[in-house]
Amino acid sequence: MVAISKIATGNGHGEDSPYFDGWKAYETNPFHPIDRPDGVIQMGLAENQLCFNFIKKWVMEHPEASLCSAEGVNKFEETALFQDYHGMPEFREAVAKFMGKVRGDRVKFDPDRIVMSGGATGAHEMVAFCLADPGEAFLVPTPYYPGFDRDLRWRTGVELVPVVCESSNNFKITRAALEAAYEKAKEANLRVKGLLITNPSNPLGTILDRDTLKGIVKFINEKNIHLIGDEIYAATVFMEPEFVSISEIIEEVECNRGLIHIVYSLSKDMGFPGFRVGIVYSYNDAVVSCARKMSSFGLVSSQTQHLIATMLSDDDFVDSFIVESKEQLFKRHKYFTLSLSQVGIGSLKSNAGLFIWMDLRKLLKEKTFDAEMDLWRVIINEVKLNVSPGSSFHCDEPGWFRVCFANMDDNTMEVALLRITTFMHKHNEAMVPRKLCRRASLKLSLSRRRDDFMSQNMMSPHSPIPQSPLVRART
Amino acid sequence: MLSSKASCNSHGQDSSYFLGWQLYENNPFHEVENPTGIIQMGLAENQLSFDLVESWLRKNPDVMELKKGGESVFRELAFFQDYHGLPTFKNELVEYMAKIRGNKVKFDPNNLVLAAGATSANETLIFCLADPGEAILLPTPYYPGFDRDLKWRTGVEIVPVHCWSSNGFRITMFALEEAYERAQKLNLKVKGVLITNPSNPLGTTMTKEELDHLITFAVAKNIHVISDEVFSGTVFDSPGFISILEAAMDRNLENTDVWSRIHIVYSLSKDLGLPGFRVGMIYSNNKTVVGASTKMSSFGLVSSQTQYLLTNVLASKRFTSKYMKENQKRLKKRKEMLVSGLKKSGIECLKSNAGLFCWVDMRHLLSSNTLEAETKLWNQMVCDVGLNISPGSSFHCSEPGWFRVCFANMSRGTLQVAMRRIKDFVERSNFMGRIKMNYQQNMSSLSRKLLSNWVRKLSSPDPNEHER
């Protein structure tokens, strides 16, 4: 039988990672409040479902955006025919405006630099094809999104070299770490073409501060390598400090703009992963030109361009949406982290994203990745939560897990928290002498639980806003 | 600084095929606003049957505003990103594909992989079947986009299988063998042969004989066959369409090795005239190929919004039957209008029964039997006559003088204008006695500049030119 390609038969698709195994476990036994109350709750998928009613209301009130409504059908033919890889001008303008608003209008985006792609997945692959040849490399700070192993490497033949970041300084990207990674690449005879940062970070949920960003821009200019800023979570920053984009930094420091490229998408900020709206925004004309030609392989459906153009041109809606989305994410994040802290689970202090970086190091039998996998299997099979183990994000320290909180309704969240609480009680009973356990109560009560189960290693033992209405309601 | 892919020109956009589009865009014809502009006859689009789809949409309120049974499905669609695709959509697609083939072939939705247009489907399939440096055989003339879709990012080579007008450009066993040997001499490992059936640019369906040759060849050489059947729904005349799978079934090859080496590419861009919606697909009986291409489809999924809309359109069987019949009728009529219009000017077309274009024989209008003469004629057609037709050389035709002329992407009125212009041109040329390379006053300076830049580039090609 004649072979097919190495790419097709190899495992560069990266789906053998536990990140995806957890999804499979969920898919074979998905939680449903009525039909399957003992099923696995999906906490491994970073989706934003909190603002849906807000968006639905707008869609119902604007039938002209849906193309196949009585109001929109007169645009059907011209839209169905539109396959120009430049994209609809109104789509690009609306997206450029939205990107600016998400950055507080501190910076303006040029619609002519907006290139479409098949989601951020397609955008990343496209950027890799434009910037690097097979065998060349990108530096990527750890921990990083597991999909990068596929998106940046699989069909491109490009290598990834990790920039190791550590919990001891909250996973900050230091100059030393960047230099160490660059040297490592050199030793392995890999030509480094660029550095990819995700800001806000997946999986950390943190943003890069101004000084770190300036340091990064300085680094890439010195090494004359590209900087790719994945900013797909830009509108999910729900709390201070404010998000700072690379697009702002390059206005403040000296920089060769030909090295700067942004990857964006509407999948996280708007919660539209199904519509496949990915964007490459490059300050390099040759890259814009090349990417535009490559976008033929993953154009955004014109039907979707029409919807998005109409929706994002509605300034009132966009302004309200951005505010509402932050508010919902803030509330959910706070409730979730507070509830976890009450049972002794801490997480990295975060202000963005659709997940938290949960610290379960103290639950490991030993400080190894095997122990992390054992714990993970317990969480999936016994606690019935699909959370994502840190090793799948290439975290260099075992015991961290990414847990998504924005992809479920309030009731499911309560069920998830109850399961975690029950699990922690069992765990603590196992740790503590028997007579003390009889006094343990399963009810979630604020003041008592926090004292009994506060852990030494928790990074965020207290609510960032002690006087929140949620706290007041419980005590 | 950038990758070699970004700096080279294997994106294929320097082809006259695309340059013609550019010239059109700088001076597009409009009956009222720009009656002397260039008429676009280089874009194979089907605009003849939109009214049918629009009237269906108006009659089906449930699809409007993305409602199903009164409840908005917007939310579910917005989150649906499963690369397996909407099951209901794939079920409808396989039924539709079977219908086009007269239900002689049955398709399994689990073997169907969605992609962002046939552009993406073809590239993905090549990524799955061949390694960089390996080769695919391609009968000429072939669609210029293949130079980009099959080669650019995959690093795979194309080796042309030369076909000639002397036998109506039919694929012969001899031509296949000759191409294979040429590949061997170049040290290129051939992994497969890609055919377009119905053919772009010929507008013909493959005969049983040709399909048998291909299958025999694929068995003998142990290679894959990719059949790009994007125009399968545009067959408007006899002989009917025979899909590669039907030909293989006729030879009882379902349980043999070659069955898992036959792959089909399809799309809704040509049949249903919906190129903007980016709906492409791969069909394969090879589980490994289905598995790998499904994962790769992450790079170009079909928007769930679009999947939902089209599921509903295709689910209406009465509508699809009516559409197919009416569409074919209109295509046939329009093609006949083009053929007879050209005949009045003494220009013949290859006899065709499918597609959105004709393969037009303008060899007698060449000043000499050379590529240069074809290019000169093309310049005149675009800039003087104001018709963007596509020169055979851009399709890698081995004989100069053939042009692809599209007929389904314009109104009747516009086609009439085009026919009149050709008639005038031919009469003028006959009067002058021979064709001269002559820039007329009405040619814009931009067109002139673009053309001369392009000609200059062609005459001193530098495939390794540095990044711009």
Given B:Lys335, B:Lys351, B:Lys317, which one is surrounded by fewer than 19 Cβ atoms within 10 Å (Cβ to Cβ) and modelled with pLDDT of 95 or more? B:Lys351
Name the residue that is nearest to the other protein chains (Cβ to nearest Cβ), counting only residues in segment B:271-309 that are surrounded by fewer than 24 Cβ atoms within 10 Å (Cβ to Cβ) and basic (Lys, Arg). B:Lys295
Kindly check whether there is at least one residue in segment B:372-386 that is over 19 Å from B:Trp164 (Cβ atoms), surrounded by fewer than 20 Cβ atoms within 10 Å (Cβ to Cβ) and free of Cβ contacts under 8 Å to residues at least 12 places away in the same chain. yes
Contact list, first residue from segment A:217-235 and under 24 Å from A:Gly205 (Cβ atoms), second anywhere and of a type in the set (A, V, I, L, M, F, W, C) and part of a loop (DSSP other than H, G, I, E, B), beta-carbon distance below 8 Å, six or more apart or interchain, is A:Val217/A:Val253; A:Val217/A:Cys255; A:Tyr233/A:Ala352; A:Tyr233/A:Leu354; A:Ala234/A:Phe243; A:Ala235/A:Met270
Qualifying position, being closer than 30 Å to A:Lys56 by Cβ, among the aliphatic types (A, V, I, L, M) and assigned by the TED database to the domain that holds B:Val279, among B:Ala130, B:Ala115, B:Ala135: B:Ala115
Please work out which residue is nearest to the other protein chains (Cβ to nearest Cβ), limiting yourself to segment A:277-295 and to residues that are over 21 Å from the mean Cα position of the chain (by Cα) and over 17 Å from A:Ala128 (Cβ atoms). A:Asp285
Filtering segment B:252-301 down to residues that are hydroxyl-bearing (Ser, Thr, Tyr) and either out of contact with any Asp or Glu (no Cβ under 7 Å at 6 or more places or on another chain) or over 22 Å from B:Glu92 (Cβ atoms) (or both) yields B:Thr256, B:Ser260, B:Ser267, B:Ser269, B:Tyr283, B:Ser284, B:Thr288, B:Ser293, B:Thr294, B:Ser297, B:Ser298
Residues of segment A:1-15 being modelled with pLDDT of 80 or more, more than 12 Å from B:Leu129 (Cβ to Cβ) and within 8 Å of chain B (Cβ to nearest Cβ), which ones? A:His13, A:Glu15
Which of (1) under 25 Å from B:Asp271 (Cβ atoms); (2) in contact with a strand residue (DSSP E or B) (Cβ under 8 Å, 6 or more places away or on another chain); (3) away from every other protein chain (no Cβ under 14 Å) does B:Ile100 not meet, given it meets every other one? (2)
Those residues of segment B:23-60 which are within 12 Å of another protein chain (Cβ to nearest Cβ), assigned to a helix (DSSP H, G or I) and closer than 25 Å to B:Gly355 by Cα, in sequence order: B:Glu25, B:Phe50, B:Asp51, B:Leu52, B:Val53, B:Glu54, B:Ser55, B:Trp56
With the structure loaded, tell me whether A:Phe321 is surrounded by fewer than 24 Cβ atoms within 10 Å (Cβ to Cβ), aromatic (Phe, Trp, Tyr) and in contact (Cβ under 8 Å) with a residue 24 or more places away in the chain or whether it fails that test. yes
Determine whether segment A:302-315 contains at least one residue that is under 24 Å from A:Ala25 (Cβ atoms) and part of a helix (DSSP H, G or I). no
Selection from segment A:61-95 of residues that are touching a helix residue (DSSP H, G or I) at 6+ places or on another chain (Cβ under 9 Å), more than 7 Å from chain B (Cβ to nearest Cβ), surrounded by fewer than 20 Cβ atoms within 10 Å (Cβ to Cβ) and in a helix (DSSP H, G or I): A:Glu64, A:Asn74, A:Lys75, A:Glu78, A:Pro89, A:Glu90, A:Glu93
Only one of (1) closer than 23 Å to B:Ala354 by Cβ; (2) modelled with pLDDT of 95 or more; (3) part of a helix (DSSP H, G or I); (4) of a type outside the set (Gly, Ala, Ser) is not met by B:Val290, so which one is it? (1)
Report yes if some residue within segment A:108-116 is touching a Leu at 6+ places or on another chain (Cβ under 7 Å) and in the same structural domain as A:Met88 (by the TED database); otherwise report no. yes
Just checking, which of A:Ile228, A:Ile232, A:Ile197 is out of contact with any Asp or Glu (no Cβ under 9 Å at 6 or more places or on another chain) and either part of a helix (DSSP H, G or I) or at pLDDT 95 or above (or both)? A:Ile228
Pairs with Cβ under 7 Å, 6+ apart, first in segment A:120-135 and within 19 Å of A:Ile197 (Cβ to Cβ), second among the polar types (S, T, N, Q) and surrounded by fewer than 24 Cβ atoms within 10 Å (Cβ to Cβ): A:Thr121/B:Ser298; A:Cys130/B:Ser3; A:Leu131/B:Ser3; A:Ala132/B:Ser3
Which of the residues spanning segment A:79-97 are closer than 13 Å to A:Asp315 by Cβ and out of contact with any strand residue (DSSP E or B) (no Cβ under 9 Å at 6 or more places or on another chain)? A:Ala94, A:Lys97
Among the residues of segment A:170-204, write down those that are buried (at least 20 other Cβ atoms within 10 Å of the Cβ), within 14 Å of another protein chain (Cβ to nearest Cβ) and either farther than 18 Å from A:Glu159 by Cβ or more than 25 Å from the chain's Cα centre (by Cα) (or both). none
Checking the structure you have, find out if any residue of segment A:35-49 is closer than 30 Å to A:Ala416 by Cβ, more than 10 Å from every other protein chain (Cβ to nearest Cβ) and without any contact (Cβ under 8 Å) to a residue 24 or more places away in the chain. yes
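The values are calculated or read from the model by the stated rules, or taken from the named source; none is laboratory data. Note that the structure is a prediction, hence the values are computed from the model and not measured. Ideal geometry is used to build each Cβ from the backbone, glycine not excepted, and the neighbour counts take in all protein chains shown.
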